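Notes to accompany the following structure.
The values are calculated or read from the model by the stated rules, or taken from the named source; none is laboratory data. Remember, it's a predicted structure, so these values are computed and weren't measured experimentally. Cβ placement follows ideal geometry from the backbone for every residue including glycine, while neighbour counts extend to all protein chains displayed. These accessible areas exclude ligands, DNA and RNA; they are computed on the full protein's heavy atoms, side chains included. Shrake-Rupley method; radii C 1.70, N 1.55, O 1.52, S 1.80 Å.
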Amino acid sequence: MTSPRPANPGLSSGILTEASLGALPRGAHVSWVVGDDQRYADVARSLIAQGTAAGEKVFAFGPSGSEVLAALETDAAVAMDPLVEFLNGELGIDAMLGVFRDQDEIARREGYTGLCVVADMDWLRAADPPARAVVQFELLLDRVVHQLGATVVCAYRASSFPSETIRGVQAVHPFPCGEPAPQFQLFDEGGKVWRLTGEVDLAVEDHFAVALDAIAQEDCVIDVAGLEFIDVGGLKTLARACAKAPLRVRGARTSLRRMWKLGCFDRIAPLPEAKSSA
Amino acid sequence: MPTRVHPQAGHLVQFYEKDEELIGAVAHYFAHGVEAGGSGIMIATPAHIAACVDAAGVADGSILTLDAAETLGKFMVGGAPDPLAFDATVGNLVRAAASKGAPLRAYGEMVTLLWEEGNVTGALELDALWYDLLSSVGFSLYCAYSTAILSDDQAEPVTSVRQLHSDIVESFGPPSAGAGIRLLFPAEKDSPRHARRVVLETLRRWGRNDLSDDAALIVTELASNAILHGRGRFRLTISSRGEAVRIEIEDTSTALPVRGAAAAQDSNGRGLLLVDSLSERWGVEPTASGKIVWSEISGVVR
C-alpha cells in the first residue's frame, strides 16, 4: 500500500469547492481556476495565513509588477516572480523542481515544518509555454510536492490561459478547484505510482495524451482501479505510452482487460500488468 | 438510487412534431385518469396548460397546473438541478397529491425545456431525479420531447406519437416491445459522453445493468465515429427487442465504416472491431441523407 501524503491523513484527492480553500489539508496540491483579482487576493491571504499557522514557510508567486503580489509581501515569508528569480525567464522544468527541493531543505533548516506555495500562475505567461509544457510541469511538480509534503495552490486565471491549458491542468492535480471540473484525473500516488480516475473519451483525448506523455519518461505504474471508463482511442494512447516507457498498469478491471484483448492491443503488447501490492 | 421501483409507477416518453398532437395526447392522458377517479399534475408552458385543460374538459381543480419555467427556477442552481430543492418542491407536491389515495398522473415539460436551451447535462440530471421520485412514489409520469429539439433539415420525420387508445401507462421492468428513446446530439466532443449517460440510464430503468459495460463501449465508439467522420449531429436510438437491446447511431456521412485488418490500424477500424466483438449482430443501413450503424447486444455469453 503506498503511503498516504504526509501530514494529511484524511483526504488524498478530490474535487474541491472554493469554500474548502478556507481550510485546506496540508500537503495538498491544488489547481484553482479563478475568476477575478479580488477573489484571488482574498483567498491568497487566507491560504498564506493557514500555511503560516501550520509552521510552513510560505512563498507567494506571481508575475513581476503585480500589485496583488506586492500586496501579499507583508503576509508571506517570500513574495517573488519565480521566472525572474529562479528560472532566468524560461520554464525549465528540472530547474523548477530543483528549486522546490532546495527551498524545502532551506526551510526545514530554518525551523519551518515545510513549504507552502500560493501561486498566481500568471507568472508563467511571460515564458509563454504551450499547454503541453504546463501540464507536464504540473504533473512532475505533483510528484515533488507529494514527496516533500509541500502545500501548493496553483491559481490559474480563466482570462489568462487558453481553455486547453486550464482543462489540462485541472486533470493533473489531485485537488482541482473551480470550473471546469476534470473528466479524468491523473496524479502522483507516491512510490512511482500514478493514479488514473474518471472517464477517458473523445472529449479529453488530447489532454489524456499530453498527460500520459509527460509521465511516460521512466519506469512507473499506473493504477487504474478508479478508471470508470476508457474508450478505444484512450486505450490506444495508453498502449503507446506503455510501449514507449516501461509503464505497467495496476488494478485493471475485467472490462479493460477484455477490451485490450478484443481491441487487438495485445498484438502491440500484452496488457502490462503490475503485481498488485496489497 | 432506489433499487426497487414502486409497483404503481409508470413512465411514458414520447416525441411529438406538432403541438396539436401533443395537446391531444396529454388531454387524453389526463381525461382518462380523472375519469377513473384519479388526479393530475401538469408542469408545462402556459400555452400548453391552457390548451390541454381546455381539451381535457375536466372539472376545475382536478389537475394541478404549474408553469414549467417558473418551477425550474425553484430548484435549478447554476445550470444543474439541486436534488434537495427538487425534492422540496416537486417531490413534496407529488407526494402530497399521491397520498390522497387516488392514482396520480403527472405530465412534465421541464426536461425538454432544458434540452431546448442546450443544457443537456441539466436535462439528463433532472430526468434522473424524476426517475428516482417515480421509483419511490406510485404515480405515472408522462414526458414529451418536441422534435424541434431533434429538428434537422435532412432528418426523416420521427416515428409518430404512439396511439393512446391502448393502455398508455407503461410499467417499468422489462420494456414492452419497441419501447425506446431517440435523441439528437450536437456535433461536439462531449456528445459521446452524453450519449453514454442516456444509454446507461435507460438500461438501468430496464433492469439491464448486465449490458452496461458493453453498451457504454459500443455507443461511445459509434458516437465518436459519427463526430469524427460524420458531417453534423447524430441521432441515438436505443430500443428493446425482446432479450436484446439495440443501439443505433444515425449520421449524415455516407462514408461507410470499414472493418478489416488494414483498417484495424486506425481508431475507427479498431473501434468497429470492438463493436463486432461485443455485438450479437451489427450492421450498416444507408439512409437518404447518410447512414445508420446499429448494434444489438443481449448479454448472451459468446
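Data table
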{"item": "Residue match in region A:154-167 (condition: under 28 Å from residue B:79 (Cβ atoms), modelled with pLDDT under 90, polar (S, T, N, Q) and under 17 Å from the mean Cα position of the chain (by Cα))", "result": "yes"}
{"item": "Qualifying positions in region B:224-247 - under 22 Å from residue B:184 (Cβ atoms), over 17 Å from the mean Cα position of the chain (by Cα) and not basic (Lys, Arg)", "result": "B:224, B:225, B:226, B:227, B:228, B:229, B:230, B:232"}
{"item": "Complete set of residues in region A:202-227 that are modelled with pLDDT under 90 and surrounded by fewer than 18 Cβ atoms within 10 Å (Cβ to Cβ)", "result": "A:217, A:218, A:219"}
{"item": "Residues that are of a type in the set (Lys, Arg) and either open to solvent by less than 30 Å² (accessible area, probe 1.4 Å) or within 28 Å of residue A:106 (Cα to Cα) (or both), drawn from region A:13-66", "result": "A:26, A:45, A:57"}
{"item": "Index of the failed condition, residue A:213 passing every other in (1) closer than 29 Å to residue A:25 by Cβ; (2) under 17 Å from the mean Cα position of the chain (by Cα)", "result": "(1)"}
{"item": "Any hit, region A:177-184, residues being over 18 Å from residue A:40 (Cα atoms) and at pLDDT below 90", "result": "yes"}
{"item": "Filtered residues of region B:39-48 (kept if open to solvent by less than 40 Å² (accessible area, probe 1.4 Å) and more than 20 Å from residue B:130 (Cα to Cα))", "result": "B:48"}
{"item": "Scope region A:67-91; condition of a type in the set (A, V, I, L, M, F, W, C), open to solvent by less than 40 Å² (accessible area, probe 1.4 Å) and in a loop (DSSP other than H, G, I, E, B); matching residues", "result": "A:72, A:76, A:87, A:91"}
{"item": "Pick from region A:189-201, criterion surrounded by fewer than 23 Cβ atoms within 10 Å (Cβ to Cβ) and farther than 19 Å from residue A:143 by Cα, ranking: farthest from the other protein chains (Cβ to nearest Cβ)", "result": "A:198"}
{"item": "Region B:53-80, residues that are free of Cβ contacts under 8 Å to residues at least 40 places away in the same chain, assigned to a helix (DSSP H, G or I) and within 24 Å of the chain's Cα centre (by Cα)", "result": "B:70, B:71, B:73, B:74, B:75"}
{"item": "Contacts under 8 angstrom Cβ, first residue in region B:207-221 being more than 9 Å from chain A (Cβ to nearest Cβ) and over 11 Å from residue A:230 (Cβ atoms), partner open to solvent by 10 Å² or more (accessible area, probe 1.4 Å) and charged (D, E, K, R), 6 or more apart", "result": "B:212/B:204"}
{"item": "In region B:192-206, residue farthest from residue B:129 (Cα to Cα) [restricted to those that are within 13 Å of chain A (Cβ to nearest Cβ) and open to solvent by less than 30 Å² (accessible area, probe 1.4 Å)]", "result": "B:192"}
{"item": "Test result for residue B:88, closer than 23 Å to residue B:135 by Cβ, hydrophobic (A, V, I, L, M, F, W, C), more than 23 Å from the chain's Cα centre (by Cα) and exposed (fewer than 13 other Cβ atoms within 10 Å of the Cβ)", "result": "no"}
{"item": "Qualifying positions in region A:2-12 - at pLDDT 50 or above and loosely packed, with under 14 Cβ neighbours inside 10 Å", "result": "A:10"}
{"item": "Qualifying positions in region A:126-163 - charged (D, E, K, R) and surrounded by 22 or more Cβ atoms within 10 Å (Cβ to Cβ)", "result": "A:138, A:142"}
{"item": "Residue A:188 farther than 23 Å from residue A:76 by Cβ, acidic (Asp, Glu) and not in a strand (DSSP E or B)", "result": "no"}
{"item": "Condition broken by residue A:256, with the remaining ones in (1) more than 14 Å from every other protein chain (Cβ to nearest Cβ); (2) touching a strand residue (DSSP E or B) at 6+ places or on another chain (Cβ under 7 Å) satisfied", "result": "(1)"}
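Yes/no per residue for (1) part of a strand (DSSP E or B); (2) within 12 Å of chain B (Cβ to nearest Cβ); (3) within 19 Å of residue A:135 (Cα to Cα):
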position	(1), (2), (3)
A:207	no, yes, yes
A:212	no, no, yes
A:218	no, no, yes
A:228	yes, yes, no
A:233	no, yes, no
A:236	no, yes, no
A:239	no, yes, no
A:249	yes, no, no
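Condition check ((1) more than 30 Å from residue A:23 (Cα to Cα); (2) charged (D, E, K, R); (3) in contact with a helix residue (DSSP H, G or I) (Cβ under 8 Å, 6 or more places away or on another chain); (4) crowded, with 18+ Cβ neighbours inside 10 Å) across all residues:
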{"position": "A:178", "(1), (2), (3), (4)": "no, no, yes, yes"}
{"position": "A:181", "(1), (2), (3), (4)": "no, no, yes, no"}
{"position": "A:186", "(1), (2), (3), (4)": "no, no, yes, yes"}
{"position": "A:229", "(1), (2), (3), (4)": "yes, no, yes, yes"}
{"position": "A:239", "(1), (2), (3), (4)": "yes, no, yes, yes"}
{"position": "A:250", "(1), (2), (3), (4)": "yes, yes, no, yes"}
{"position": "A:254", "(1), (2), (3), (4)": "yes, no, no, no"}
{"position": "A:271", "(1), (2), (3), (4)": "yes, no, yes, yes"}
